[in-house]
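This report refers to the structure that appears directly beneath it.
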2 protein chains.
Amino acid sequence: MRLIHLLAATALASAPLAAQDTPPPAPEFARIVDEGTNRSQVMVLAQQMTDVLGPRLTNSPAMRRAEDWAVAEFQRIGLSNVRKDGFDFGRGWSIERSSVRMVTPRPVQLTAIPIAWTPPVNATAPIIVAPMEKKEHFAAWRGKLAGKFVLVSPPGAPKEGTEPAFKRLSGEDIAKLDTYREPTWDPARNERTLAASTFEEDLDAFLKAEGAVGLVRKSYRDNKLLHGEGYQHRTGAQTPGIEIANEDYRRLARLAAMGQAPTLEVVSDVKFDDSNPQAYNILADIPGTDRTGSYVMAGAHFDSWVAGDGATDNAAGSAMVMEAARIIRASGIRPKRTIRFALWNGEEQSLYGSISYIEKYLARRPAPAAPQNSEQNYYGQTWRYPVTPLPGYRDLAAYFNIDNGSGKLRGIYAENNSAAVPILREWLSPFAPMGAGSVVFGRTGGTDHQFMAAVGLPAFQFIQDPLDYSSVTHHSNADTFDHLKPADMRQGAMVLAWMLIKAANADAPLPRNPIPRQPLPTDPFQTPDPNAE
Amino acid sequence: MRLIHLLAATALASAPLAAQDTPPPAPEFARIVDEGTNRSQVMVLAQQMTDVLGPRLTNSPAMRRAEDWAVAEFQRIGLSNVRKDGFDFGRGWSIERSSVRMVTPRPVQLTAIPIAWTPPVNATAPIIVAPMEKKEHFAAWRGKLAGKFVLVSPPGAPKEGTEPAFKRLSGEDIAKLDTYREPTWDPARNERTLAASTFEEDLDAFLKAEGAVGLVRKSYRDNKLLHGEGYQHRTGAQTPGIEIANEDYRRLARLAAMGQAPTLEVVSDVKFDDSNPQAYNILADIPGTDRTGSYVMAGAHFDSWVAGDGATDNAAGSAMVMEAARIIRASGIRPKRTIRFALWNGEEQSLYGSISYIEKYLARRPAPAAPQNSEQNYYGQTWRYPVTPLPGYRDLAAYFNIDNGSGKLRGIYAENNSAAVPILREWLSPFAPMGAGSVVFGRTGGTDHQFMAAVGLPAFQFIQDPLDYSSVTHHSNADTFDHLKPADMRQGAMVLAWMLIKAANADAPLPRNPIPRQPLPTDPFQTPDPNAE
C-alpha cells in the first residue's frame, strides 16, 4: 500500500513537465523506484540462481556453473572489470542420489540427506546409539562401533512451536535492536571453543579407526526438515555421514533402546570433485567519475548448502545485489565513486570469501600458527589483533551486505559507528514510507560484513523482516524459490541501489571509528544476533 | 501443578485411616487418579502401536499384526468377550520402498511418498503440469498425457505461518466453542458434493486411458510434510500415484513453465494384499453387574494413514481407551452397566468401522442405491433418514470418543443434548482442576461418534488441546511417537476411565434428544469443526 502511494506521488511530481519537448530527468530517487518497481528483474535473477542453477555448494560443479553464469550476467547488465577473484578453499562435492531405509524390524523409507563432504556409501548394517558431543565421550564407545551405523546425536524431544514460524518486525521489535551493550569479552570461552574446534574431524577419525560403517546425525529442526551441513571441505571426511529427520532418528533410537536393533540400508551416492581447489568471489564494477580510487561496495554470499536450492540463504541477497547493479546502470545515474558488487563464496564454511578479500585488499591481521578449519577460521578471528591497514584500506568508503533472507529491508545496523548514524538515517529517509527507515546503533554478525567491521571499516548489514528464515528455510531442504517474497525482494534491491548511490556521491566518505584493538561487542561470544536461530 | 495439588489433597483425605488394620478402599476418584498417574501404561501402549507396529492402514499387513496385538493386549488386561468384529472393506496395501528423483535438468532427490492404494511403478519419464480439479478439466489435456508423469495439482504458494503451530486452548477459546448455531441445511450443496464424489476414480481412469505413466499430486502442507492419503481401497487405483512435497512440486512446475521439461525417476515399490477383504473393529468388555443389557462404551479409531506411524491420529486415542480399560480393571471398581471398549477400523476412509457397528447393532438408515466410495459413504449419510432403531438402540447408555490428537482433554461436546449438559458437567467436575471441566452445548464431527449422534444416540467426543495436530501431525509423515505428550495422555486416560465409571453406575442412562429426522447442525455442510484444519 505504501508503495502505491509513493509511486502516485512521484508520477504527480513529473506530470507538469510532460508538455515540454525534452523533460529534465526525474529525480534520482524516482528513477530508482521506477526501474526497481516497474522493470524489476530480481525474481528472474533469483529463479536462475535457484530453480535453474540449484544449490551452490562452494567448489561443487553446480557452483562452477553458477560462477560462470554470474560473470556473464554482470557483463550483460553492463558492468566493468567483471572478474573471478580466487582463494584457496578445498574440494568440490555433490549429491547424485540418496536413500536411507530402516529395513528391520519393519521397512520404513526414512527422510535423510548425505552430510556435505562425506564419502559415498552403499551398505546395510545395524545401528548403535552412541551420543558423542566431545572427545571425552569416545572412550565409552571404543570397540563397540565396528560394522555399525553410529547415531552420534542425543535424540532429544520435539520443540513446541508456540511462536509463529513467519514473522515481520514491528516498530517495537526494531526499537529493541537499538540497544547499546558494553563489551564483555571472555577470552577463556574463546579458548575453550577453539580447543573443541577439531571435534568434527576427531569424531570422523575415531569412527574411521573403529571401523564404523557410517556416522548418523539428527537434524536440528523438527517436522522432517533436513540440512546436511558438513565442514570437512579441505580434505573430505573419512567416514560416510548422513543426517536423518528428527522423527525418524528418534524412532531408531527408541527401537534400539527397546532392544529391537534396527538395521539401516543407506545409499549415499555422492561425488568429490578435485579439479580445482580455488573458490572464486565474483567482483564487478560500475566505474566512478572520480579517479582517486575511492569506492563503495555491496555484497552478498552466493554460495549455499545443498539440502534446498539456497534461495533465502542467499540467492535472495545475491539477486538483490545484482538487481541493484542493474537498476543503477538502467537509471543512467553516474556515480562519483566507483560502485563495486561482490558475490562472495565459501561464506557458509566461515566467511572465507570475504576474509580473503579483506586480507588481499584491505587489512592484515596476525596469521594463525597452523592451517585453519572452519571453526578455527571463524572463532579464531576474535583475538587476531592488531590490525595492519593495507593501501586499499582507506579506499573503501562504505560496504553494504545482504544476508538475512528475502524479507523486506527495515533499516540498517550502524555497527556502533555513532557518527554514521545521522548520515545513514538521512540516506534511508526516502524509504521510510516503504518501511526501511530505521537506523539502529548496534551490531550484527555472522555474515560477510563482520570482519570488515572487525578491522574498522564502515561495513553494514541491513535489518530485514525475518519471515520464516530462522524457523524454516535457513540451510534447510525447504529453502526454495517459492519461499521468496517478490515485493520484499524488489524493495530490498531499490534500497540497496539507493544507498550505494548516496554513498558513492556523498561529498565525504562515511566517518569511521578508530581502528579496533580488540574484539567488537557483537563478535562471537559478545552479544547474540537477534536474527540468528 | 494442579495435579500435584489434587494428589496432595487426596492423600490428606485418606491419611486419618492409615492407623486402621484394613482401611476401607479409597474413594473411586482417588483410585482412578492413583492408578492412572502412578502406574500409567498409556505411553507403553502408544509406543507399541507406533514405533513397534507402525502405520496401521486398514487391511495392511501391519494392521493385521496390530489387530492381533490389540486382542492379546485387551485379554492381558483382563477384559471379557474380546473379539474382532468384521465388516467389508477392501484391499490391503503397503509401502516397501520408494524414491522420487528429478534427473533432468539437474539431479535432485525429491521428498515424496506413494499414494495409498495405487499400483507400483519403476519408471523414468518427463512431467507435464496439467491441473485437474473436476471432470470438466479433462478435455484440455486429452491426447497430451501419454508416457508422462502428470502433475495434477495447481502449484500454489506457501502459506505464511503467522499463527503458532502448537497451541493449547485458553478459557476464552473454549467459551467460543459453546455457541448454538441454528441448522442451515443445504441439500443442494450436498448433491453437488455427491455429484463430484467420483472425481478420484474418474481422474484415475482418465489417466489410465490416456496412457499416463503416473499421477503426481502436491502435498497440502508446506515445509516438506507429506501425507499420501488415497481412497481407492475397494478396487485399488489403476494409475500409479505419488505425492511430492510442496517445495519440490512447485520447482518442477516452475521449471516446466520455463521450458526446461523435467524428467522424473520414480520407484514406488508398493504391494497390494488381497488375502482378506474384511476389516475388523476390536471390541472388549468389562462386564457389569446389571444383566439388563445396558452398556456404556468408549472408542477410538485404531487405523491410520501410512506417512508417519499414526501416533496422534490415532494411537493417542487408542492408547487412552486401552489404558482407561486397564485403569478401571486395576481400580477394582465394579460397574453396574457393562463397559465396552472399541478400537475402530477403516475410520480414515470414512468411519467405516463405526458405521458398521451402528448398522449391525444400533440403528438402520435407508441404504444407498449403489456401492459407496469413501466420499459417498461420508457425505451420503447426511440425508439418510428416517432412522429405524434396532433392538440394541436403547442398550447403549453413553458413548465417548477420542480422536483429536494427544492433547489434554479440556471438556466435552454435549452434541446439542441440553438435558445431558448438567449431568456431564457434574461427572467432569472432579477433573476441573486438571483442566477438563468444560461442557459445551455444541457438536463436533469427523470421527466415530458422529453417526451415532446422527441417529440420536448419546455419543460424545472430548474437547482436546490441539497442540500441533492440525498444523503438523494430522495424517503427516511427522505423526510419530515423539509428538505425543505423556502428561496429556495420562490425563486423558483418567478422564475417560472416570466418565465411563460415572456413566456405567448412573442411576438413569443419559437423557436423549428425539430421534433425528434430518441432519444435525454439525453434520457435513452445517457448522465448521473448530479442531479440523
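Using the Cα gyration tensor of the stretch A:61-102, with a ≥ b ≥ c the square roots of its eigenvalues, what is the shape: rounded (a/c below 1.5), prolate (a/b larger than b/c) or oblate (neither)?
Note, shape of the stretch A:61-102 comes out oblate.
Explain nothing, just the number: dipole magnitude of the stretch A:121-191 about its Cα centre with +1 on each Lys and Arg Cβ and -1 on each Asp and Glu Cβ, in debye rounded to the nearest 20.
540
Suppose the Debye formula is applied to equal point scatterers at every Cα of chain B; what is log10 I(q)/I(0) at q = 0.06, 0.09, 0.12 Å⁻¹?
The Cα Debye sum returns log10 ratios of -0.30, -0.67, -1.13.
Could you quote the convex hull projected area for the stretch A:131-275, Cα atoms only and averaged over all directions, in nm²?
Computing the convex hull of the Cα atoms and averaging its projections yields 13.6 nm².
Taking the Cα centre of chain A as origin, sum charge times position over the Cβ atoms of Lys and Arg (+1) and Asp and Glu (-1), and report the length of that vector in debye to the nearest 20.
260
Do any residues of the stretch B:47-77 show a loss of at least 50 square angstrom of accessible area between the isolated chain and the full protein assembly, using a 1.4 Å probe, and if so which?
Output list: B:ASP51, B:VAL52.
Please work out the average accessible area per residue across chain A, using the 1.4 Å probe convention, and give it in Å².
Here the per-residue accessible area is 36 Å².
How much of the accessible area of the protein assembly as shown, probe 1.4 Å, is carbon plus sulfur, in whole percent?
So the carbon and sulfur contribution to the accessible surface is 55 percent.
Spin-label point model (7 Å from Cα, Cβ direction): what's the B:ALA369 to A:VAL103 distance in nm?
5.4
What average number of partner chain Cβ atoms lie no more than 10 Å from the Cβ of the residues making up A:104-111?
6
Is the C-alpha gyration tensor of the stretch A:271-336 telling us rounded, prolate or oblate? Criteria: a/c under 1.5 is rounded; beyond that, a/b larger than b/c is prolate, otherwise oblate.
Oblate, because a/c is 1.5 or more while a/b does not exceed b/c.
Positive end of the charge dipole of the stretch A:142-183 (Lys, Arg +1 and Asp, Glu -1 on Cβ, about the Cα centre): tell me which of A:ALA157, A:LEU169, A:GLY143 has its Cα farthest that way.
A:GLY143
Provide the buried accessible surface between chains B and A in square angstrom, both chains summed, 1.4 Å probe, rounded to the nearest 100.
Interface between B and A: roughly 4000 Å².
Among A:ILE463, A:THR239, A:PRO514, whose Cα lies farthest out toward the positive end of the dipole of chain A, if unit charges sit on the beta carbon of Lys, Arg (+1) and Asp, Glu (-1)?
A:PRO514
Could I have the simple spin-label model distance between A:ALA196 and B:GLN260, label points 7 Å from Cα toward Cβ, reported in nm to one decimal?
It is 4.0 nm.
Count, for each residue of B:239-252, the Cβ atoms from other chains sitting within 10 Å of its Cβ, then give me the mean as a whole number.
3
log₁₀ I(q)/I(0) of the stretch A:261-404 at q = 0.14, 0.18 Å⁻¹, via Debye over equal Cα point scatterers, no solvent, to two decimals?
-0.81, -1.17
Taking 1 over the mean of 1/r across every pair of different Cα atoms in the stretch A:24-126, what Kirkwood radius in Å do you get?
Evaluated over the stretch A:24-126, this radius sits at 18.1 Å.
Over 32 Å between Cα atoms, which of A:LYS408/B:LYS224; A:LYS408/B:LYS167; A:LYS224/B:LYS408; A:LYS148/B:LYS408; A:LYS84/B:LYS224 qualify?
Correct reply: A:LYS148/B:LYS408; A:LYS84/B:LYS224.
What does the average come to when, for each residue of peptide A:161-168, you count the partner chain Cβ atoms lying within 10 Å of its Cβ?
6
Give or take rounding to whole Å, what are the principal axis extents of the alpha carbon atoms in the stretch A:320-384, in descending order?
Extents along the principal axes, in whole Å: 49, 23, 15.
Please compute the modelled spin-label separation between B:LYS360 and B:ASN38, points set 7 Å along Cα→Cβ, answer in nm with one decimal.
If labels sit at B:ASN38 and B:LYS360, their model points lie 4.0 nm apart.
Please report, in debye to the nearest 20, how large the charge dipole of the protein assembly as shown is about its Cα centre when each Lys and Arg carries +1 at its beta carbon and each Asp and Glu carries -1 there.
60
Restricting things to Cα coordinates, could you compute the convex hull volume per residue of the stretch A:449-525 in Å³?
Cα convex hull per residue, to the nearest whole number: 121 Å³.
Give me the Kirkwood hydrodynamic radius of the stretch A:354-449 in Å, from all C-alpha pairs, to one decimal place?
15.6
In µm²/s, what is D for the stretch B:82-171 at 25 °C and 0.890 mPa s, where D = kT/(6 pi eta Rh) by Stokes-Einstein and Rh is the Kirkwood radius from Cα pairs?
The calculation lands on 136 µm²/s.
Can you tell me what the convex hull of the Cα atoms of the protein assembly as shown projects to on average, as an area in nm²?
Convex hull of Cα atoms, orientation-averaged projection: 48.4 nm².
Could you tell me how far the Cα centroid of the stretch B:411-429 sits from the Cα centroid of the stretch A:96-140, in Å?
Taking the Cα centre of the stretch B:411-429 as reference, the centre of the stretch A:96-140 is 52 Å away.
Which FRET efficiency value, to the nearest 0.05, do you get for A:ASN81 and A:ALA508 by plugging their Cβ-Cβ distance into 1/(1 + (r/R0)^6) with R0 = 41 Å?
That gives a FRET efficiency of 0.95.
Between B:SER418 and B:ARG189, what's the calculated FRET efficiency when r is the beta-carbon distance and R0 is 25 Å? Round to 0.05.
0.35
Give me the Å³ per residue figure for the convex hull around the C-alpha atoms of the stretch A:209-319.
169
Mean shadow of the stretch A:400-533, computed from the convex hull of its alpha carbons, in nm²?
The directionally averaged projection comes out at 8.2 nm².
The values are calculated or read from the model by the stated rules, or taken from the named source; none is laboratory data. If you're wondering where the values come from, they're calculated on a predicted model, not measured in any experiment. All Cβ positions, glycine included, derive from the backbone under ideal geometry; neighbour counts span all protein chains shown. These accessible areas exclude ligands, DNA and RNA; they are computed on the full protein's heavy atoms, side chains included. Shrake-Rupley method; radii C 1.70, N 1.55, O 1.52, S 1.80 Å.
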